[in-house]
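Scroll down for the structure; my scribbles are underneath it.
The values are calculated or read from the model by the stated rules, or taken from the named source; none is laboratory data. Here the structure is a predicted model, which is why all the values come from computation and not from measurement. Cβ sites come from the backbone with ideal geometry, for glycine too, and all protein chains shown count toward neighbours. Surface areas here come from the heavy atoms of the whole protein model, side chains and all, with no ligands, DNA or RNA. Shrake-Rupley method; radii C 1.70, N 1.55, O 1.52, S 1.80 Å.
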Amino acid sequence: MPNNQLTAQVQELLEQAQNAAKRAYAPYSHFQVGAALLLADGSVSLGCNVENASYGATMCAERVALFAACAAGKLSPQQPPQILAVTALPCALCLQVLAEFAGPDLSIWVAGAEGEQPQHFCLKDLLPHTFKL
Ligand code: THU
């Protein structure tokens, strides 16, 4: 099946991302983001943005999900994630962190606003030129 199909599994991940967004700590921007990362072993790592009074210490939802998966021993270049579902388009920092672990064809689904369809991208669409050492 092509990876741009809005399957029941993708819909479930998008719902999980939307629920995670409700747990965001975003008293400064009031912009709540949620992420659901389907891992190599079939489990899901959730993230929400966590802001801070120093602003610079804020962490994006996507990187919360990625780093939690890494800390759980479930994410590495040898155990790449399968799908990322998010409630907003990932920033370039999060895309670069994703590219550390995922290949260019990783599916990224972005939930639409009320009444809009989710959008599908591949990592390479959003970050065509990955920084490499
Ligand atoms: N944010 C994310 O959680 N993910 C992104 O990819 C972009 C931005 C958060 C950070 C901050 O808490 C809020 O959105 C506004 O920038």
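Summary of values
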read-out: Boolean, Ala85 is hydrophobic (A, V, I, L, M, F, W, C), open to solvent by less than 30 Å² (accessible area, probe 1.4 Å) and not in a loop (DSSP other than H, G, I, E, B); value: yes
read-out: Number of positions in the range 33-52 that are open to solvent by 40 Å² or more (accessible area, probe 1.4 Å), in a loop (DSSP other than H, G, I, E, B) and under 23 Å from Phe101 (Cβ atoms); value: 3
read-out: Criterion violated by Asp125 - all others in (1) surrounded by fewer than 18 Cβ atoms within 10 Å (Cβ to Cβ); (2) away from the ligand (no atom under 16 Å from the Cβ); (3) under 17 Å from Asn3 (Cβ atoms) satisfied; value: (2)
read-out: Residue in the range 103-117 that is without any contact (Cβ under 8 Å) to a residue 60 or more places away in the chain and among the polar types (S, T, N, Q) present; value: no
read-out: Selection count where residues are outside any loop (DSSP other than H, G, I, E, B) and farther than 17 Å from Asp105 by Cβ, scope the range 69-82; value: 4
read-out: Which numbered condition Gln78 misses (of (1) within 16 Å of the ligand (Cβ to nearest atom); (2) open to solvent by 30 Å² or more (accessible area, probe 1.4 Å)); value: (1)
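Listed here are the residues, each with its yes/no results for (1) open to solvent by 50 Å² or more (accessible area, probe 1.4 Å); (2) of a type in the set (Asp, Glu); (3) assigned to a loop (DSSP other than H, G, I, E, B).
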{"position": "Asn3", "(1), (2), (3)": "yes, no, yes"}
{"position": "Gln11", "(1), (2), (3)": "yes, no, no"}
{"position": "Glu15", "(1), (2), (3)": "yes, yes, no"}
{"position": "Tyr28", "(1), (2), (3)": "yes, no, yes"}
{"position": "Phe31", "(1), (2), (3)": "yes, no, yes"}
{"position": "Tyr55", "(1), (2), (3)": "yes, no, yes"}
{"position": "Phe67", "(1), (2), (3)": "yes, no, no"}
